[in-house]
Amino acid sequence: MTETLHNPVLPGPGQDTEKKLKATRDAYGEALLELGKKRSDIVALDADLSGSTKTCKFAKAFPDRFFNMGIAEQDMIGTAAGLALTGKVPFASTFAVFETGRAWDQIRLTVCYSNTNVKLVATHGGITVGEDGASHQALEDIALMRALPNMNVIVPADAAETTSVINAIADYKGPVYVRLGRAKIPYVMPDDYKFTLGKAFVFHIGKDANIIAAGIMVDIAKKAAEILSKEGIDTGVINMSTIKPLDEETVLSAAGSSGFIVTAEEHSIIGGLGGAVCELLSERCPVRVKRVGMKDIFGCSGSPDELLKYHGITVENLIKEVKTSLKK
Amino acid sequence: MSVIAKGKTRDIRELKNIAGNVRINILHMLTKAGSGHTGGSLSAVDVAVAIYFSKMAFDPKNPLWEKRDRFIMSKGHAAPLIYAIMAEAGYFPKETIETLRKIESPLQGHPCCRTLPGIEVSTGSLGQGLSVANGMALGLKLDDNPARVYCIMGDGEIQEGQIWEAAMTAAHYKIDNICGVVDNNGLQIDGPVEKVMGIEPIHDKWASFGWHVIDIDGHNMEEILAALNESESVKGKPSVIIANTTKGKGVSFFENKVEYHGVAPSQEEFEKAVKEINND
Ligand SMILES: Cc1ncc(C[n+]2csc(CCOP(=O)(O)OP(=O)(O)O)c2C)c(N)n1
Ligand SMILES: [Mg+2]
């Protein structure tokens, strides 16, 4: 089973691919292990998927601070809340579908309403889960988490940003949801970049169009913008890795510059990044917004790159969407 | 350093007195509020009073005191009970109970840990307290903190699957610093528990999940104290007390009445009830 996105996320032919690819979940496993070495208050929980979420690394190094909860996500969230209430900083991980869907009421009551210092780090977000199919592809998790008061929602764009995110949230007090992916993806962020909660990273603000993207879509957006700009359409790209709280100033300045926004996410176009951007702009700066993502449908089995193509989450389609929207 | 103000009362008569006051205050705040859960607040009074006033270490002036024992009302609709106990213990002035369920009151309809220090975690959605209690107990163990965690559940509440997930967890991780209580009053909202969704044999269920199970009359102070002591002495596994109780206990016209699950007393009922409790 392939774990690599060949097209269109992978770098072009002739590039040194292997070194430039890493799954965000792998970065998480390593970052959590390093955190565990530095801080004895870090604990981790998993629901029988520690090999996939990569919390296994932490588990092996710190068996006393790791709790495998079995296939019991609701209990995992409650237990994490309890650990947080005794001053621990629990990282609770499983697949995004189960973390946010199966245990939503538990997250609502004992994490968000109780405002406990729980870090929900879910892997296998989006359709790039691939062959396992729709039951395992979280396309609504951001919507579910975004609707909860006190919750912060983060979708890192590459492995390096993931490391930075994990360190940042360990120092932040309060509920956080981090959505990670299964597939190996390219590095897109500059080497000296450091994540700040609530702060978007602006690659460029375009005069004609601006693509606000998160997760794997940042890479796709960058490639689309490059081609569009060569064709004379000045297209900006923003990595909106914190979806909540949304970096409103950056969204507003992009909307003000181009008067037209495209959002790109590996998530339903309902309730995720696109939804968040539309909510803000319709109140503060009503401009046209084209939402690219999953069009209110479930995923299906296939290889990750086949699925991205199948659902129109590609560089080509992003270019097409920008052009047709600009004509309107 | 904090010392326990009111805890560790062993005198049965005094505990019974406190329980009487707590019952009256529950009814008082419910009558003032005009809504809320009467039956399930009254049934758990004796166990909760014994836990707070004879077992737990706590400091009302420093609710987050690290060495405190923890209490979680998993059946959050019994909020009036925990509020009456906290008022009795001195967490807040007695008058505050009159703000129950009113706008901006720290006494929310179901317990909220952000508005009322001393509430360990917010509850109200049933089935979640035992998991949180486990997490706390594990955290305390990691810190070599000898504090214990108490968690009261409803008998209807244990129909929730998460309770049994948590039951497995407590046994698996040998969480012996936890004491669960099932307020076995036989009723839930839609009728008798055994008719709605049978949970018997309760004792065997918990035992087969690896718990030390203690069955008692949940209104007999001597039995309650003995059970709490026994639970403390059990090592290597969690304990649960099956407290056989009467829903609405203490007020004859509320007792065993399914319709008084979520109905507050009228002023007239309140006055009659106080007379009964005082004469008891
Ligand atoms: C998850 C959830 N489902 C439903 C309810 C509504 N509800 C409140 S109390 C109750 C019955 C509880 O029965 P039991 O646990 O036996 O409590 P008691 O008899 O002690 O009041 C129900 C269904 C709830 N609070 N939480
Ligand atoms: Mg009951």
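Worth pointing out:
- Convex hull of Cα atoms in the stretch A:201-327, direction-averaged projection (nm²): 7.1
- Placing a label point 7 Å from the Cα of residue B:66 along the Cα-to-Cβ line, the residues of the stretch B:101-144 whose backbone N sits under 14 Å from it are B:140-144.
- For the residues B:88, A:283, B:14, A:306, a 1.4 Å probe over the protein chains yields an accessible-area ranking, largest first, of A:283, A:306, B:14, B:88.
- Expected 222 nm ellipticity per residue - DSSP helices of 4 or more, -39500 (n - 2.57), all of chain A, to 500: -10500 deg cm²/dmol
- A full extension of the chain between residue A:227 and residue A:300 corresponds to an added length of 23.3 nm, given 0.36 nm per residue minus the alpha carbon distance.
- Segment residue B:114-residue B:203, length gained on full extension (0.36 nm per residue, minus Cα span): 28.5 nm
- Scaled against 2.2 N^0.38 Å for its residue count N, the alpha carbon radius of gyration of chain B is 0.92.
- Sorted largest first by accessible area at a 1.4 angstrom probe radius, with every protein chain in place, the residues A:71, B:51 fall in the order A:71, B:51.
- Loop-located GluC sites (Glu not before Pro) in the stretch A:131-202 whose Cβ has at most 15 other Cβ within 10 Å (DSSP): A:131
- Translational diffusion of chain A, µm² s⁻¹ [Kirkwood Rh, Cα pairs; Stokes-Einstein; 20 °C; 1.002 mPa s]: 110
- Pairs spanning more than 32 Å between alpha-carbon atoms, out of A:88/A:290; A:37/A:223; B:32/B:67; B:102/B:141; A:88/B:235; B:61/B:272: A:88/A:290; A:37/A:223; B:32/B:67; B:102/B:141; B:61/B:272.
- The trypsin sites (Lys or Arg not before Pro) of the stretch A:211-315 that meet both conditions, a loop assignment by DSSP and at most 12 other Cβ atoms within 10 Å of the site Cβ, are A:295.
- When B and A come together, around 2100 square angstrom of accessible surface is lost from both chains combined, probe 1.4 Å.
- Those lysines that a straight Cα-Cα span of less than 16 Å connects to residue B:75, excepting residues fewer than 8 apart in one chain: B:247
- Using 0.36 nm per residue and subtracting the Cα-Cα separation, the extra length available between residue B:257 and residue B:276 on full extension is 5.2 nm.
- Heavy atoms of residue B:69: accessible area, 1.4 Å probe, square angstrom to 10: 20
- Treating r as the C-beta distance of residue A:309 and residue B:16 and R0 as 60 Å, the FRET efficiency rounds to 0.20.
- Cα centroid separation, the stretch A:207-282 to the stretch A:145-193 (Å): 18
- Convex hull (Cα only) mean projected area of the protein assembly as shown, reported in nm² to one decimal: 28.9
- Descending semi-axes in whole angstrom, ellipsoid equivalent of the stretch B:105-174, from the Cα gyration tensor: 22, 18, 8
- Residue-count net charge about residue B:137 - beta-carbon cut-off 9 Å; Lys, Arg +1, Asp, Glu -1: +2
- Around the amide H of residue B:72, modelled in the peptide plane, lie the amide H atoms of B:150, B:151, B:152, all under 5 Å away and 5 or more residues distant in sequence or on another chain.
- DSSP-assigned coil residues among trypsin sites (Lys or Arg not before Pro) in the stretch B:213-264, each with at most 12 further Cβ atoms within 10 Å: B:235
The values are calculated or read from the model by the stated rules, or taken from the named source; none is laboratory data. These numbers were taken from a predicted model, which means no experiment stands behind them. When we count neighbours, we look across all protein chains shown, and the Cβ atoms used for this are built from the backbone with ideal geometry, even at glycine. In case anyone asks, the SASA skips ligands and DNA or RNA and just uses the protein heavy atoms, side chains included. Shrake-Rupley method; radii C 1.70, N 1.55, O 1.52, S 1.80 Å.
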